[in-house]
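Scroll down for the structure; my scribbles are underneath it.
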Protein chains: 2
Amino acid sequence: MARGSTRPTSRDVAQAAGVSQAAVSLVLGDKWRGRVSETTAERVREAARELGYRPNLAARNLRLGRTRTVLLVVPALTTEFFAGVYTGAARVAAEHGFGVVLYPSPEGVGPARDPFASAQAALDGVIASSMAADALSAIRGDQLPLVMLDSDPSGSLGVATVNLDITDGVRQVAEHLLGLGHRRFLHLAADVPSWTFEVRARELAVRVGEVPGTSLRTAHAPISIEGALAAAEAALAAPGPGPTALVCDDDKLAAGAYKALRRLGLRVPDDVSVTGLDDLALATAIDPELTTVRLDAELFGERGMQALLAVLEGRTPEAGDIPVELIVRGSTGPPRAS
Amino acid sequence: MARGSTRPTSRDVAQAAGVSQAAVSLVLGDKWRGRVSETTAERVREAARELGYRPNLAARNLRLGRTRTVLLVVPALTTEFFAGVYTGAARVAAEHGFGVVLYPSPEGVGPARDPFASAQAALDGVIASSMAADALSAIRGDQLPLVMLDSDPSGSLGVATVNLDITDGVRQVAEHLLGLGHRRFLHLAADVPSWTFEVRARELAVRVGEVPGTSLRTAHAPISIEGALAAAEAALAAPGPGPTALVCDDDKLAAGAYKALRRLGLRVPDDVSVTGLDDLALATAIDPELTTVRLDAELFGERGMQALLAVLEGRTPEAGDIPVELIVRGSTGPPRAS
DNA sequence: CACTTGAAGTGTTACGTATAACGCCCTCCG
DNA sequence: CGGAGGGCGTTATACGTAACACTTCAAGTG
């Protein structure tokens with residue numbers, strides 16, 4: 001009540017409790033093991049509660065030289081997947097008293113060229129998806145602790161990296177489809193530079209190539225339903241025997257492929273089997289439900305945040321890729337006997 | 001090069017340029033109209049560039065007593081809609097040199113009860129969706145400038161509110177379906193407290209009630225495909241003549257309704273017409289494509305941020321609800337002649 | 001009794017920035 | 001020739017916190 005309308009400071013609390021400001025800082029910071037008596041400590045806490053005291057974070061950050069805030073750089077957030085990554089990262093961050101601020105790449109957020117300008121907070125570290133490559137150069141400038149998501153682990157030496165076990169995901173898909181008897185494949189690939197998609201293309205070629213008498217073609221499409229529809233329709237119209245299995249780099253691509261197949265009068269899975277990647281809500285909305293590789297986006301974010309916390313504390317981040325799981329639903333079956 | 005590894009401060013720049021720290025602050029802050037010569041200013045800018053100087057945001061925030069950072073409180077972010085709201089808000093914020101930090105409600109982010117603990121940044125204001133009601137009490141405590149999204153405008157007096165024109169959306173849907181000849185309606189309502197859904201239920205009853213010989217039943221479901229499937233199946237199994245039109249509070253509900261109808265052997269739109277709300281990617285992925293009311297989530301976020309900026313500057317926020325638009329696709333048609 | 005030890009605090013400083021208040025020099029005008 | 005004023009900067013200070021170094025006092029120790 002003393003000062004009027006400005007927020008109370010630790011000095012106000014000190015005055016109210018009849019102690020020095022330093023004592024308030026010690027008590028509220030839980031650093032008073034043997035330095036302040038229990039009764040005094042309680043008096044301080046009481047005064048703080050009374051005044052509704054909240055520490056001024058800007059002042060604390062300045063004093064400590066760190067902010068307990070990290071930046072998460074992702075492509076446009078309007079994808080379920082990256083929303084999940086954020087959620088996981090934010091959960092782990094909150095458990096450790098950290099905050100997460102987002103930098104969705106420029107297309108989503110407008111003219112800001114500088115990631116740090118849009119994040120008004122001072123930062124302790126950065127987690128960046130390789131899909132937001134356009135922002136990376138600016139980030140490299142400052143030598144903040146950095147964790148990369150979805151990036152060539154041998155590429156950026158010395159930078160901690162967290163990846164999904166894409167190789168294993170491809171293995172599961174390939175074994176599933178080859179086991180059903182499929183031999184002619186079309187890979188509907190995402191038209192986006194990304195380590196995940198690179199690995200997928202390479203591994204898929206390897207796995208399919210291991211079996212004699214197989215063929216693999218590739219079509220590229222932007223990650224959207226309409227884009228996939230157009231690309232799939234064009235690819236399926238090519239001369240020669242059509243594919244019996246369509247391997248898509250994203251559930252949205254699979255949804256577009258469904259529409260292309262329907263237009264061409266082909267049925268899923270009777271005429272063509274389809275697989276996706278991600279396991280979005282979409283996957284169970286479409287008919288038949290989509291066989292897809294589930295990526296645990298939240299776990300991805302959690303692991304990314306844990307890795308960054310490790311780096312910040314000077315520890316070595318946990319190694320090992322994040323497991324993925326093939327979810328078999330109704331969009332895959334044995335190929336037509338032909 | 002002088003100090004080693006710590007980041008350069010404005011004093012370092014000053015020394016390099018041979019001026020005082022104050023001059024650096026003036027030049028880099030564009031406050032030097034007639035106070036510093038052009039040549040000196042250029043020398044300062046050059047030195048800053050040379051040293052890779054970046055102002056310490058924590059220090060600036062402390063000095064100025066504001067942070068140019070606002071908090072956006074939303075329900076779990078893993079919905080396309082709120083991701084869009086964030087994107088729009090962040091875009092407008094960036095244009096005005098502001099940052100946005102998120103507080104997805106606790107279920108998404110874990111044990112943190114205090115929204116301000118998870119947002120380590122000091123805040124200038126808050127934008128809150130009424131759907132994240134659990135966090136609101138904590139927010140009211142601090143009297144930060146507040147803008148509510150999707151809230152009863154007459155309820156929280158004195159608090160700026162931004163809403164979608166839900167009333168008009170219902171009008172468009174009702175006119176469309178009534179015009180096609182539908183008379184028996186089932187409202188598949190979202191099982192979430194929200195101003196939007198309240199208004200929808202009320203307005204739908206009014207619109208349908210205006211026409212003689214109509215009936216309207218209501219079923220509630222959580223916003224998920226499986227939840228909607230179960231609720232719709234139960235509601236459709238009720239005795240008596242079934243509805244010819246299903247009005248859903250969310251595209252996901254509509255997707256679940258599709259599945260329920262398919263199980264019951266009913267076809268869309270031949271047997272039953274279906275409408276949604278949101279126009280998510282989902283809407284064009286399912287077959288037939290969904291007739292739905294498009295909500296411009298990004299515009300919603302933009303308007304929210306603009307309103308908050310207005311409040312922060314002491315202006316009156318722009319009034320008027322955000323227009324919504326009925327997108328007619330293949331899921332609605334005339335009812336069966338019966 | 002002289003000395004150490006530990007508890008319980010306090011005084012002071014620094015973090016890096018923005019800005020109000022103040023100087024100095026030169027020119028111009030009465 | 002004196003003083004007013006503009007151009008060009010500088011000095012000093014405050015923002016709120018955390019932490020180090022220091023003081024005081026009572027109890028323990030040989």
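The values are calculated or read from the model by the stated rules, or taken from the named source; none is laboratory data. Just so it is clear, the structure is predicted and the values come from calculations on it, not from any experiment. Neighbour counts are summed over all protein chains in view; Cβ atoms, including those assigned to glycine, are modelled from backbone coordinates with ideal geometry. What goes into the accessible areas is simple: the full protein's heavy atoms, side chains included, and nothing from ligands, DNA or RNA. Shrake-Rupley method; radii C 1.70, N 1.55, O 1.52, S 1.80 Å.
On the basis of being within 12 Å of DNA strand C (Cβ to nearest atom), open to solvent by 30 Å² or more (accessible area, probe 1.4 Å), out of contact with any strand residue (DSSP E or B) (no Cβ under 6 Å at 6 or more places or on another chain) and modelled with pLDDT under 90, does residue B:7 make the cut? Yes. Which numbered condition trips up residue A:261, out of (1) in contact with a helix residue (DSSP H, G or I) (Cβ under 7 Å, 6 or more places away or on another chain); (2) open to solvent by less than 10 Å² (accessible area, probe 1.4 Å); (3) free of Cβ contacts under 8 Å to residues at least 40 places away in the same chain? All conditions are met except number (1).
Go through the stretch B:311-338 and count every residue that is among the aliphatic types (A, V, I, L, M) and more than 18 Å from the chain's Cα centre (by Cα).
6
Against the condition modelled with pLDDT of 65 or more, away from chain B (no Cβ under 11 Å) and over 23 Å from residue B:58 (Cα atoms), how does residue A:129 come out, does it pass? Here the answer is yes, as residue A:129 does meet what is asked.
Only one of the listed residues (A:23, A:47) is within 11 Å of DNA strand C (Cβ to nearest atom) and over 29 Å from the mean Cα position of the chain (by Cα). That residue is A:23. If the condition is being more than 30 Å from residue B:312 (Cα to Cα), part of a strand (DSSP E or B) and out of contact with any Phe, Trp or Tyr (no Cβ under 8 Å at 6 or more places or on another chain), then the stretch B:156-209 contributes B:184, B:185, B:186, B:187, B:188.
Residue check: residue A:164 meets all listed conditions (1) open to solvent by 40 Å² or more (accessible area, probe 1.4 Å); (2) at pLDDT 80 or above but one, namely (1).
For the stretch B:51-64, the criterion of being in a helix (DSSP H, G or I), buried (at least 18 other Cβ atoms within 10 Å of the Cβ) and touching a strand residue (DSSP E or B) at 6+ places or on another chain (Cβ under 9 Å) is met by at least one residue.
Selection over the stretch A:280-297 of residues that are assigned to a loop (DSSP other than H, G, I, E, B) and open to solvent by 30 Å² or more (accessible area, probe 1.4 Å) gives a count of 3.
Restricting B:48, B:93, B:41, B:14 to residues that are facing chain A (nearest Cβ under 10 Å) and open to solvent by less than 60 Å² (accessible area, probe 1.4 Å) narrows the list to B:93. Just one of the numbered conditions (1) within 11 Å of chain B (Cβ to nearest Cβ); (2) open to solvent by 30 Å² or more (accessible area, probe 1.4 Å) is not true of residue A:255: (2).
Does residue A:191 count as more than 14 Å from chain B (Cβ to nearest Cβ), open to solvent by 10 Å² or more (accessible area, probe 1.4 Å) and either of a type in the set (Asp, Glu) or within 26 Å of residue B:267 (Cβ to Cβ) (or both)?
When the stated conditions are applied, residue A:191 passes them.
Filtered by the rule that a residue be within 8 Å of chain A (Cβ to nearest Cβ) and within 21 Å of residue B:89 (Cα to Cα), the stretch B:57-69 gives B:67, B:68, B:69. Only one of the numbered conditions (1) away from chain B (no Cβ under 14 Å); (2) more than 12 Å from DNA strand D (Cβ to nearest atom) is not met by residue A:72, and that is (1).
Among the residues of the stretch A:230-252, what is the count of those that are within 14 Å of chain B (Cβ to nearest Cβ), of a type in the set (A, V, I, L, M, F, W, C) and part of a helix (DSSP H, G or I)?
The number of residues fulfilling the criteria is 2.
Answer with yes or no whether residue A:33 is in a loop (DSSP other than H, G, I, E, B) and either open to solvent by 60 Å² or more (accessible area, probe 1.4 Å) or in the same structural domain as residue A:92 (by TED's automatic domain parsing) (or both). When the stated conditions are applied, residue A:33 passes them. Could you please find all residues in the stretch B:212-229 being open to solvent by less than 60 Å² (accessible area, probe 1.4 Å) and either outside any strand (DSSP E or B) or modelled with pLDDT under 95 (or both)? Across the stretch B:212-229, the qualifying residues are B:214, B:223, B:224, B:225, B:227, B:228, B:229. Do you know which residues across the stretch A:298-338 are open to solvent by 50 Å² or more (accessible area, probe 1.4 Å) and assigned to a strand (DSSP E or B)? Passing the criteria: only A:325. Pairing residues of the stretch B:33-57 that are within 12 Å of DNA strand D (Cβ to nearest atom) with residues that are in a loop (DSSP other than H, G, I, E, B) and small (Gly, Ala, Ser), at Cβ distances under 8 Å and at least 6 apart in sequence or on separate chains, gives B:43/B:18; B:56/A:122.
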